[in-house]
Amino acid sequence: MKRSITAVVLALACALAVPAAARPVLAAAGPVTVNAPAAIVMDSGTGQVIYEKNSDEKRAASTVVKTMSLLLFAQALEKGEWSLDTHVTVSANAAGLGGSTAFLDSGATYKVGDLLKAVCMNSSNDACMALAEKLAGTEEAFVERMNARAQELGLDVTFTDCTGLGDETKLSAKDIAAIARAAAGYSQILKYCDIWLDTLLHPGGRETELTNTNRLIRAYADCDGLQTGSNANAGYCMAATAKRSGMRLIVVVLGASDSTQRQKDATSLFEYAFANFSSVRVLRKGEIVQRNVPVENGLSERPTPSARGT
């Protein structure tokens, strides 16, 4: 039998006082085997945790740090700070980055959309840096925006770079899930993250074939994002999202031994959650729960409670 995740919070004027608490954890470690040292499954709609394993432990997460960069890039689109057709001139600093790259030409001009696609698909460090510098002027200024957004999300996190290459930023699986949940709310990000193969045409006519670093995009039908990363210190990490039957899930895996184990753990977590839980909307915001509820010693003898939330 599937357990349900309610998608509203009921606020009744006659409700008894209940101590404040975090959203309930619906399942602790145990119902599914995860070999990675840290992982989490979160319902994107409500933020409820369905499964967790060492989810509060701060760890290096490699270039999964870019999940926050993607969130800021998408917000800039929404706010009109730039468009997909805005031109970006690549600095020598951006073009010189190593790791996963789109092999951008220093001094060349690309469109925001093409660079954003490279970050979403290929976790391209050079494209991420070029966008960060375009949006904020410098990487340092962009990192300030990252940290400000983390505070808005209620996270105790200090970012040190926009790509994760520096490896100084420490994040928990729960931190990353909160960021991924916010990023998954932007359709343009999911659209680009869901592309398996694409070609980046450089201004000089050269082409770079981009392959999605998230193998779940091809191997798991419901997956449409978000970011992967790996190095010797962080292990193999992933922030992934998938949607089935109206329920979107966020899965984070940190410190897996290799890419195969990372994918296996993420797939197992998605399958466990989709098989055992469903998201149910009980009421819509503003909908009347019941009229004229009798209350003793209340401010109103017969208040009319309604639903509050989403």
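Condition first: surrounded by fewer than 20 Cβ atoms within 10 Å (Cβ to Cβ), under 29 Å from Leu197 (Cα atoms), touching a Gly at 6+ places or on another chain (Cβ under 8 Å) and hydrophobic (A, V, I, L, M, F, W, C). Can you find one or more residues in region 103-126 that meet it?
Yes, the conditions are met somewhere in region 103-126.
Pairs please, first residue from region 76-100 and more than 16 Å from His202 (Cα to Cα) and touching a residue at least 24 places away in the same chain (Cβ under 8 Å), second anywhere and surrounded by fewer than 18 Cβ atoms within 10 Å (Cβ to Cβ) and hydrophobic (A, V, I, L, M, F, W, C), Cβ atoms under 8 Å, 6+ apart in sequence or on different chains.
What qualifies is Leu77/Leu84.
For region 82-99, give me the residue count where each residue is outside any helix (DSSP H, G or I), at pLDDT 95 or above and either surrounded by 15 or more Cβ atoms within 10 Å (Cβ to Cβ) or β-branched (Val, Ile, Thr) (or both).
7
Based on what the data block shows, is Ala150 touching a Leu at 6+ places or on another chain (Cβ under 9 Å), within 25 Å of Leu249 (Cβ to Cβ) and either modelled with pLDDT of 95 or more or of a type in the set (A, V, I, L, M, F, W, C) (or both)?
no
Take Thr208 and tell me if it is more than 28 Å from Asp43 (Cβ to Cβ), over 13 Å from the mean Cα position of the chain (by Cα) and buried (at least 23 other Cβ atoms within 10 Å of the Cβ).
Here the answer is no, as Thr208 does not meet what is asked.
Quick test of your reading of the structure: Ala36 fulfils all but one of (1) in a loop (DSSP other than H, G, I, E, B); (2) modelled with pLDDT of 95 or more; (3) more than 27 Å from Ala232 (Cβ to Cβ). Name the failing condition by number.
Tallying (1) in a loop (DSSP other than H, G, I, E, B); (2) modelled with pLDDT of 95 or more; (3) more than 27 Å from Ala232 (Cβ to Cβ), Ala36 fails exactly one: (3).
Before we move on, is Ala239 touching a Phe, Trp or Tyr at 6+ places or on another chain (Cβ under 9 Å) and either surrounded by 23 or more Cβ atoms within 10 Å (Cβ to Cβ) or free of Cβ contacts under 8 Å to residues at least 12 places away in the same chain (or both)?
no
Among the residues of region 130-186, write down those that are on the phi < 0 side of the Ramachandran plot, in a loop (DSSP other than H, G, I, E, B) and small (Gly, Ala, Ser). First the steps, then the outcome.
Pass one, region 130-186, residues on the phi < 0 side of the Ramachandran plot: 130-136, 138-153, 155-163, 165-166, 168-186.
Next, from what is left, pick out any that are in a loop (DSSP other than H, G, I, E, B): 138, 153, 155-163, 165-166, 168-169, 172, 184-186.
Scanning region 130-186 gives Gly166, Ser172, Ala184, Gly185.
Could you list all residues from region 161-177 that are surrounded by fewer than 24 Cβ atoms within 10 Å (Cβ to Cβ) and among the small types (Gly, Ala, Ser)?
Gly166, Ser172
For Leu249, indicate whether it is part of a strand (DSSP E or B), among the aliphatic types (A, V, I, L, M), under 13 Å from Asn122 (Cβ atoms) and in contact with a helix residue (DSSP H, G or I) (Cβ under 7 Å, 6 or more places away or on another chain). Please lay out each step first, then the result.
On the way: part of a strand (DSSP E or B): yes; among the aliphatic types (A, V, I, L, M): yes; under 13 Å from Asn122 (Cβ atoms): no; in contact with a helix residue (DSSP H, G or I) (Cβ under 7 Å, 6 or more places away or on another chain): yes.
No: the conditions fail for Leu249.
From the list Leu10, Leu16, pick out the single residue that is assigned to a strand (DSSP E or B), at pLDDT below 95, out of contact with any Ser or Thr (no Cβ under 7 Å at 6 or more places or on another chain) and surrounded by fewer than 17 Cβ atoms within 10 Å (Cβ to Cβ).
Leu10
Step by step: first the residues of region 100-129, then only those that are more than 20 Å from the chain's Cα centre (by Cα) and part of a loop (DSSP other than H, G, I, E, B), then the one that is farthest from Asn212 (Cα to Cα). Which residue is that?
Restricting to residues being more than 20 Å from the chain's Cα centre (by Cα) and part of a loop (DSSP other than H, G, I, E, B), the top hit is Gly107.
Every residue, every condition in (1) more than 22 Å from Tyr110 (Cα to Cα); (2) in contact (Cβ under 8 Å) with a residue 24 or more places away in the chain, yes or no:
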site	(1), (2)
Thr138	no, no
Asn147	yes, no
Tyr192	no, yes
Ile195	no, yes
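State which residue is surrounded by the most Cβ atoms within 10 Å (Cβ to Cβ) when the search covers only region 254-295 and only residues that are farther than 30 Å from Gly164 by Cα and modelled with pLDDT of 70 or more. Talk me through it step by step, then tell me what you get.
First, the residues of region 254-295 that are farther than 30 Å from Gly164 by Cα: 274-295.
From the residues that got through so far, the ones that are modelled with pLDDT of 70 or more too are 274-279.
Values: Phe274: 19, Ala275: 10, Asn276: 16, Phe277: 21, Ser278: 16, Ser279: 18.
The extreme case among them is Phe277.
In a helix (DSSP H, G or I), surrounded by fewer than 19 Cβ atoms within 10 Å (Cβ to Cβ) and more than 12 Å from the chain's Cα centre (by Cα), is that true of Arg218?
On the way: in a helix (DSSP H, G or I): yes; surrounded by fewer than 19 Cβ atoms within 10 Å (Cβ to Cβ): yes; more than 12 Å from the chain's Cα centre (by Cα): yes.
So Arg218 fits the description; yes.
Please verify whether region 258-276 includes one or more residues that are β-branched (Val, Ile, Thr) and assigned to a strand (DSSP E or B).
no
The values are calculated or read from the model by the stated rules, or taken from the named source; none is laboratory data. The structure displayed is predicted, hence computed values, not measured ones. Heads up, the Cβs are rebuilt from the backbone with ideal geometry, glycines too, and the neighbour counts pull from every protein chain shown.
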